[in-house]
1. Would you check if V128 is under 16 Å from the mean Cα position of the chain (by Cα), among the hydrophobic types (A, V, I, L, M, F, W, C) and surrounded by 19 or more Cβ atoms within 10 Å (Cβ to Cβ)?
2. When the residues of the stretch 30-59 are narrowed to those that are of a type in the set (V, I, T) and under 16 Å from the mean Cα position of the chain (by Cα), which ends up farthest from L78 (Cα to Cα)?
3. Specify which of the listed residues (L44, L66, L62, L71) is touching a Gly at 6+ places or on another chain (Cβ under 7 Å) and not basic (K, R).
4. Go through M1, M19, M84 for me and flag whichever is more than 19 Å from I181 (Cα to Cα) and not small (G, A, S).
5. Just to check your reading of the model, which residue among E177, E113 is surrounded by 13 or more Cβ atoms within 10 Å (Cβ to Cβ) and not polar (S, T, N, Q)?
6. Restricting to the stretch 1-26, what's the tally of residues that are touching a Lys or Arg at 6+ places or on another chain (Cβ under 7 Å), in a loop (DSSP other than H, G, I, E, B) and farther than 15 Å from R60 by Cβ?
7. Can you name the residue in the stretch 27-74 that is part of a loop (DSSP other than H, G, I, E, B) and buried (at least 21 other Cβ atoms within 10 Å of the Cβ) and, of all such residues, is modelled with the lowest pLDDT?
8. Starting from residues that are part of a strand (DSSP E or B) and in contact with a Gly (Cβ under 6 Å, 6 or more places away or on another chain), keep the ones in the stretch 176-194 and report whichever is farthest from G48 (Cα to Cα).
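The values are calculated or read from the model by the stated rules, or taken from the named source; none is laboratory data. What you see is a predicted model; the values in this text were computed from it and never measured. Heads up, the Cβs are rebuilt from the backbone with ideal geometry, glycines too, and the neighbour counts pull from every protein chain shown.
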Amino acid sequence: MNIVIIDYGMGNLGSIQNMLKYLGFPSKISRDSEEIRKADRLILAGVGAFDYGMRNLQDRALLPILEERVLHGRVPILGICLGMQLFSQKSEEGQLKGLGWINAATVKFKFDESMKYLKIPHMGWNQVSVNKNSAIFPRPEEEQRFYFVHSYHLKCAEPQDILTVTNYGYDFVSSIEKNNIYGVQFHPEKSHKYGMNVLRNFIENIREG
């Protein structure tokens with residue numbers, strides 16, 4: 001299995017690579033088009049600003065090869081935190097267009113007066129509720145808890161793309177699945193056994209093509 005973590009200058013990609021290594025899955029952190037072209041699994045992780053992430057993908061000439069492999073080659077890709085948000089059409093955080101792979105917008109948490117006590121960013125452990133059958137969450141009836149750090153979340157226009165929701169003042173989209181495109185708002189590399197299961201399932205259980 002050839003796993004490539006996309007190197008676009010956002011976040012500590014080494015922590016994801018270390019978790020994959022612990023699980024027995026060697027991976028490469030790369031921005032090289034030929035390495036990406038050979039990949040069986042792609043991971044787009046990251047933390048930071050939406051526009052900065054999109055600009056880095058553009059400046060590193062990664063958009064054509066990602067579109068080739070994900071949209072045409074149907075290679076499974078997992079977006080993590082900012083990586084998932086970049087799958088959307090746009091973000092309230094910036095001006096640049098997103099990848100547009102998911103019919104969704106990235107929006108900031110907004111609370112009414114009764115929920116002003118909730119802090120932004122949403123930080124810490126929280127549960128997810130699984131909406132549909134998925135190879136990522138093969139046992140949806142089990143408790144699933146993950147570590148979050150984020151101020152923005154996806155607002156999906158197509159309910160069938162929503163894999164899980166999490167409540168923080170209100171229900172928000174905490175993971176998505178559309179064909180070969182997967183995304184999680186939480187950090188699986190910081191979520192102990194729950195995160196390990198998600199990464200393992202993404203590597204082992206997803207059908208290619």
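1. Details: under 16 Å from the mean Cα position of the chain (by Cα): yes; among the hydrophobic types (A, V, I, L, M, F, W, C): yes; surrounded by 19 or more Cβ atoms within 10 Å (Cβ to Cβ): yes.
The answer is yes for V128.
2. In the first step, residues of the stretch 30-59 are kept if they are of a type in the set (V, I, T); the result is 36, 43, 47.
Among the residues that remain, those that are also under 16 Å from the mean Cα position of the chain (by Cα) are: 43, 47.
Working: I43: 5, V47: 14 Å.
Of everything passing the filter in the stretch 30-59, V47 is farthest from L78 (Cα to Cα).
3. Details: L66 fails: touching a Gly at 6+ places or on another chain (Cβ under 7 Å); L62 fails: touching a Gly at 6+ places or on another chain (Cβ under 7 Å); L71 fails: touching a Gly at 6+ places or on another chain (Cβ under 7 Å).
So the residue among L44, L66, L62, L71 that is touching a Gly at 6+ places or on another chain (Cβ under 7 Å) and not basic (K, R) is L44.
4. Values: M1 fails: more than 19 Å from I181 (Cα to Cα); M84 fails: more than 19 Å from I181 (Cα to Cα).
Residue meeting the stated conditions: M19.
5. On the way: E113 fails: surrounded by 13 or more Cβ atoms within 10 Å (Cβ to Cβ).
The match here is E177.
6. Adding up the residues that qualify gives 3.
7. Looking only at the stretch 27-74, we keep the residues that are part of a loop (DSSP other than H, G, I, E, B), and these are 31-32, 38-40, 45-49, 60-62, 73-74.
Filter again for buried (at least 21 other Cβ atoms within 10 Å of the Cβ), leaving 39, 45-46.
Values: A39: 97, A45: 97, G46: 93.
The residue in question is G46.
8. Taking the stretch 176-194 as the starting set, the residues that turn out to be part of a strand (DSSP E or B) are 176-178, 181-184.
Then keep just the ones that are in contact with a Gly (Cβ under 6 Å, 6 or more places away or on another chain); that gives 176, 183.
Values: I176: 20, G183: 16 Å.
Looking at residues that are part of a strand (DSSP E or B) and in contact with a Gly (Cβ under 6 Å, 6 or more places away or on another chain), I get I176.
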